[in-house]
1. For segment 37-43, what does the Karplus curve 6.51 cos²θ - 1.76 cosθ + 1.60, with θ = phi - 60°, yield as ³J(HN,Hα) per residue in whole Hz, taken in order and with x for Gly and Pro?
2. Run the paramagnetic zone check for Phe134: 7 angstrom along Cα to Cβ, then residues of segment 75-89 with backbone nitrogen under 19 Å.
3. How much length is gained if the chain between Glu27 and Asn6 is pulled fully straight, taking 0.36 nm per residue apart and subtracting their Cα-Cα distance, in nm to one decimal?
4. According to the Kirkwood expression over distinct Cα-Cα pairs, how big is the hydrodynamic radius of the chain, in Å?
5. Of the heavy-atom accessible surface of segment 38-150 (probe 1.4 angstrom), what whole percent is carbon and sulfur?
6. Modelling each spin label as a point 7 Å along the Cα-to-Cβ direction, I'd like the Asn91/Leu154 distance in nm, to one decimal.
7. Please list 3J(HN,Hα) in residue order for segment 52-65, calculated via the Karplus relation 6.51 cos²θ - 1.76 cosθ + 1.60 where θ = phi - 60°; whole Hz, with x for glycine and proline.
8. For segment 14-77, what is the largest minus smallest coordinate of the Cα atoms on each principal axis, given in angstrom and ordered from greatest to least?
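The values are calculated or read from the model by the stated rules, or taken from the named source; none is laboratory data. Nothing here was measured: the structure is a model prediction, and the numbers come from that model. Heads up, the Cβs are rebuilt from the backbone with ideal geometry, glycines too, and the neighbour counts pull from every protein chain shown. Accessible surface is based on the protein model in full, side chains and every heavy atom, while ligands, DNA and RNA are left aside. Shrake-Rupley method; radii C 1.70, N 1.55, O 1.52, S 1.80 Å.
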Amino acid sequence: PDLTMNDPAKQHGSGNVTYGTISTLDESPIVPGLLWAGTDDGNVQVTKDGGKTWTNVRDKIPGHPGYWVSRVEPSHLGAGTAYVSVTGLRNDDFRPFLWKTTDFGQTWTSIAGNLPKESINVVREDPRNADLLFVGTDLGVYVTLDGGKMWSKLKGSPLMGGAAGGR
């Protein structure tokens with residue numbers, strides 16, 4: 001089915017953004033048929049049966065402003081665990097929006113911690129350590145070793161625009 005809000009008022013808008021599309025889709029690396037989808041109009045959908053039935057968990061995410069879902073990252077370690085990032089860039093809202101669920105989207109916890117006021121484009125979980133997460137924004141890459149309580153900016157890499165990394 002259509003996984004978006006399907007709001008005709010937001011479709012075919014002016015500018016370079018037309019709403020009503022899936023912006024992120026990923027399958028669990030540990031449970032075949034467990035799929036997560038995010039849309040550019042804020043929906044977060046999950047299916048456990050390969051897409052036959054979908055559940056919209058958007059309203060269960062506390063503080064979700066209804067913005068563009070930039071990434072849904074299913075966990076490599078927990079079947080019911082996933083991460084969601086939302087970007088407010090197109091609404092001139094640069095707050096970091098980042099949540100985690102461990103029960104297939106029934107409850108969510110913010111893991112934005114001390115992330116700076118930068119729109120989040122992507123979140124990734126380490127395949128072997130669920131406490132090791134990475135976030136990418138337009139201005140940098142951040143890492144946490146404690147599941148999102150404290151974030152640090154990666155610095156010093158030539159790829160990150162920093163110093164030559166110890167040369």
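1. So the J values, rounded to whole Hz, are 10, x, 10, 6, 10, x, 6.
2. Label zone hits: 75-78, 82-86.
3. Details: separation 21, 0.36 × 21 = 7.56 nm, distance 2.31 nm.
So the extension gain works out to 5.2 nm.
4. Values: mean 1/r = 0.0607 Å⁻¹.
This gives a value of 16.5 Å.
5. On the way: 2490 of 4930 Å².
The computed percentage sits at 50.
6. Each label point is offset 7 Å from its Cα along the Cβ direction, giving 2.9 nm.
7. 5, 10, 10, 10, 8, 9, 3, 6, 8, 8, x, x, 5, x
8. Cα extents, longest axis first: 40, 24, 22 Å.
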